[in-house]
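The values are calculated or read from the model by the stated rules, or taken from the named source; none is laboratory data. Small disclaimer: the values here were computed from a predicted structure and weren't measured. Methodologically, a virtual Cβ is constructed for each residue, glycine included, from the backbone with ideal geometry; neighbour enumeration extends over all protein chains shown.
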């Protein structure tokens with residue numbers, strides 16, 4: 001499929017699992033301290049719930065050589081009914097305009113574009129030179145909004161993604177029983193869901209650093225090779241820099257994902273707004 005076709009899907013937002021809630025106060029009841037009506041559902045999960053519409057629009061080849069460029073303008077809360085729509089770009093039929101809305105009030109929760117092949121920004125990634133995985137830091141360095149490193153490679157990490165880990169991801173986070181993410185043939189492992197790789201970006205930070213709270217603002221995802229469950233993946237990243245916008249610190253990380261055979265699976269950019277710690281009660 002070389003052209004994007006119109007597609008849509010719906011999903012009711014599920015609560016984040018405990019490991020997500022406990023790692024970031026915007027995902028628990030402390031979110032009210034940052035001005036939100038309640039705990040925010042992790043952006044990587046809301047992105048994952050768009051995947052059925054993306055694959056209907058772009059075809060399975062998107063998993064091996066496709067891209068997404070998305071922003072998260074408004075939060076999602078547990079129980080929100082989310083409707084995703086992909087429409088072909090009138091000026092380029094190879095690009096899809098993708099939007100996710102909360103049905104209750106029509107607020108836009110994700111917006112952006114998808115396409116096949118290389119993203120128009122692929123050459124903009126600044127990837128790390130240090131790619132050998134190391135053990136997690138025993139005492140992660142605290143990184144507040146004014147202490148974020150710039151132009152620094154993260155210590156890389158190795159993440160297992162066997163059948164057990166993949167099934168856990170699908171049952172506790174995405175909850176999608178599509179045939180692609182399952183396999184009745186023990187000799188053929190299921191494809192890894194495309195939300196899994198971007199879901200490792202925050203763990204990459206916490207592998208060596210700790211920070212008070214963060215909000216996923218935007219991301220760019222470039223698929224380079226489809227990946228099946230089994231073995232482990234090395235995640236290596238570079239902390240690009242920090243921009244101060246309207247008094248908030250916007251931090252950018254670029255990362256490369258490599259399988260056990262040294263094949264690059266994806267390049268991902270994540271932009272996070274790093275928040276100040278809440279006052280102690």
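Based on what the data block shows, is residue 35 on the phi > 0 side of the Ramachandran plot and either buried (at least 22 other Cβ atoms within 10 Å of the Cβ) or at pLDDT below 95 (or both)? Criteria met by residue 35. Residue under question is residue 256, and the condition is that it be without any contact (Cβ under 8 Å) to a residue 60 or more places away in the chain, buried (at least 21 other Cβ atoms within 10 Å of the Cβ) and touching a strand residue (DSSP E or B) at 6+ places or on another chain (Cβ under 7 Å); does it hold? So residue 256 does not fit the description; no. Those residues that are touching a strand residue (DSSP E or B) at 6+ places or on another chain (Cβ under 6 Å) and modelled with pLDDT under 95, I need them from the range 95-139; list them, please. Once the filter is applied, which keeps residues that are touching a strand residue (DSSP E or B) at 6+ places or on another chain (Cβ under 6 Å) and modelled with pLDDT under 95, the range 95-139 yields only 130. Every test in (1) farther than 14 Å from residue 256 by Cα; (2) in contact with a helix residue (DSSP H, G or I) (Cβ under 7 Å, 6 or more places away or on another chain); (3) at pLDDT below 95 is passed by residue 229 save one, and that test is (3). Scanning the range 81-92 for residues that are in contact (Cβ under 8 Å) with a residue 40 or more places away in the chain and farther than 16 Å from residue 216 by Cβ yields 81, 83, 84, 85, 86, 87, 88, 89. Close contacts from the range 95-106, counting a first residue that is within 9 Å of residue 82 (Cα to Cα) and a second that is at pLDDT below 95, with Cβ to Cβ under 7 Å and a gap of 6+ residues or different chains, come to none at all.
Only one of the numbered conditions (1) surrounded by fewer than 20 Cβ atoms within 10 Å (Cβ to Cβ); (2) in contact with a helix residue (DSSP H, G or I) (Cβ under 8 Å, 6 or more places away or on another chain) is violated by residue 275, and that is (1).
State the number of residues belonging to the range 183-203 that are surrounded by 14 or more Cβ atoms within 10 Å (Cβ to Cβ), part of a loop (DSSP other than H, G, I, E, B) and out of contact with any helix residue (DSSP H, G or I) (no Cβ under 8 Å at 6 or more places or on another chain). Adding up the residues that qualify gives 2.
Residues that are more than 19 Å from residue 167 (Cα to Cα) and modelled with pLDDT of 95 or more: does the range 187-196 have at least one? Within the range 187-196, none of the residues are more than 19 Å from residue 167 (Cα to Cα) and modelled with pLDDT of 95 or more. Out of 75, 120, one residue alone is within 29 Å of residue 237 (Cβ to Cβ), touching a helix residue (DSSP H, G or I) at 6+ places or on another chain (Cβ under 9 Å) and surrounded by fewer than 22 Cβ atoms within 10 Å (Cβ to Cβ). It is 75.
Going by the structure shown, is residue 217 in a loop (DSSP other than H, G, I, E, B) and touching a strand residue (DSSP E or B) at 6+ places or on another chain (Cβ under 6 Å)? When the stated conditions are applied, residue 217 does not pass them.
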